[in-house]
Amino acid sequence: MKIQKVGVVGCGLMGHGIAQVAAQGGHDVVVVESDPKALETGLARIDKSLAKIAEKAVEKGTPKEQAEAARAAARARLRGALGLETLADRDLVVEAIVEDLDAKKRLFATLHPLCRTETIFASNTSSFPIAEMARAGGRPRRTLGLHFFNPVQLMKLVEVVRTADTDPDVAAAGFEFAKACGKTPIAAKDTPGFVVNRLLVPFLAEALRMVERGDASAEDVDTAMMLGCGHPMGPITLADYVGLDTTLSILEGWRSRHPQEPVFAVPESLRAKVRAGLTGRKVGQGFYRWQGDKRV
């Protein structure tokens, strides 16, 4: 089951990166957006990223002509579109739209009659059940999760998530696709948060609960995990960086489905920050103040 033609729905933060690495991996890629401006912005990000990769390759000793040829070849394999009908001939379609389960289910239901029966559907969700999307899309045996990490161009991991219904050949094709994109795939079952976020999000929540209880200050919790465990960023800084609204949404979703799990309890300080609109780095204020990508 060889994946050659790839479709990506969504050209935003994650989608443009997935489209880019798929093209760099030798695939024929169509990236679809509903908004012309968003498509233009996403393609511009891809152009900038590919140019930077070529520049770095030259700095490391690659002949300029060779680096430029690789950039041009990857870009030639990728095109943008505004209609889902352009995905009709794809071997794989990766969903990378807004993190809203109902929106994702509607998308897969719309794609089902448009795409070939052999087409594999994949979601880049970080937290929602793949099985629910698979049922909505009408092809549970040919649906899986392909969870890339941000920034896609730099992060090496892809979680290949299989449901109880996912065909083993489909999961294997997902592994090979991730490898072709230059990533290291791992296998995960369709459980809350898969591997990374199942460990990470409760960790962030417990750090906030420690501060709420007065066990330590936010700064000291972050310093402890950086210097004591070698983490590049403390958990509360990381929550700000990822987005407090994103963290809250994940926890609330898990809590509603698994109310008996104490690690999914939502810290009140997290709710309060989101209610106040202080969602972290992207707005310049969360538990810390930010200027761009820097904590101040």
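Laboratory data are not the source of any read-out in this text; all were calculated from the coordinates shown. Just so we're clear, the structure is a prediction, and the values are computed from it rather than from any experiment. Don't worry about glycine lacking a Cβ; one is built from the backbone with ideal geometry, like all the others, and counts go over all protein chains shown.
Output the relative contact order of the chain, whole-number percent, from Cα pairs under 8 angstrom with separation of 6+ residues. Walk me through the numbers on the way to the answer.
On the way: 517 pairs, mean separation 38.2, N = 296.
With pairs under 8 Å counted, the relative contact order is 13 percent.
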### Summary
Ranked from fewest to most other Cβ atoms within 10 Å of their own Cβ, MET226, MET210 fall in the order MET226, MET210
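Is it possible to state the helix-based mean residue ellipticity at 222 nm for the chain, with each DSSP H run of 4+ residues giving -39500 (n - 2.57), the sum divided by total residues, to the nearest 500 deg cm²/dmol? What is it? Mind dumping the intermediate values first?
Numbers: 11 runs with 142 residues, N = 296.
Value at 222 nm, helices only: -15000 deg cm²/dmol.
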### Query
Considering the dipole of region 174-293 built from charges on the beta carbon (Lys and Arg +1, Asp and Glu -1) around the Cα centre, which of ASN197, PHE175, PHE264 is farthest to its positive end?
PHE175
### Cα Rg, Dmax, region 197-286, angstrom units
12.5, 35
### Percent of beta bridges antiparallel (DSSP, region 106-193, rounded to nearest 5)
30
### Query
List the lysines whose alpha-carbon lies under 17 Å from that of LYS37, not counting same-chain residues fewer than 8 positions away?
LYS48
### Task
Let me have the relative contact order for region 151-296, percent, based on Cα pairs under 8 Å that are six or more residues apart.
16
### Task
For the chain, give the share of DSSP beta bridges that are antiparallel, in percent and rounded to the nearest 5; count only bridges with both residues there.
25
### Query
Can you give the angle from 0 to 90° between the axis of helix 64-76 and the longest principal axis of the chain, with both taken from C-alpha atoms, to the nearest 10?
90
### Task
Post the alpha-carbon centroid distance, region 65-131 to region 176-228, in whole angstrom.
27
### Task
Working from Cα positions, state the angle (0 to 90°, nearest 10) between the long axis of helix 36-59 and the longest principal axis of the chain.
90
### Message
Please rank THR223, THR117, THR246, fewest neighbouring Cβ atoms within 10 Å first, as an exposure proxy.
### Response
THR117, THR223, THR246
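If the limit is 31 Å between Cα atoms, which of LYS56/LYS105; LYS5/LYS52; LYS2/LYS105; LYS5/LYS294; LYS60/LYS104 go over it? Show your work: numbers first, answer last.
Values: LYS56/LYS105 40 Å; LYS5/LYS52 25 Å; LYS2/LYS105 26 Å; LYS5/LYS294 39 Å; LYS60/LYS104 41 Å.
Cα-Cα > 31 Å for LYS56/LYS105; LYS5/LYS294; LYS60/LYS104; rest within.
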#### Entry: Residue order, fewest to most surrounding Cβ atoms within 10 angstrom, among ARG142, ARG255
ARG255, ARG142
## Note on the structure
In degrees rounded to 10, the 0-90 angle between helix 101-114 Cα long axis and the longest Cα principal axis of the chain is 10
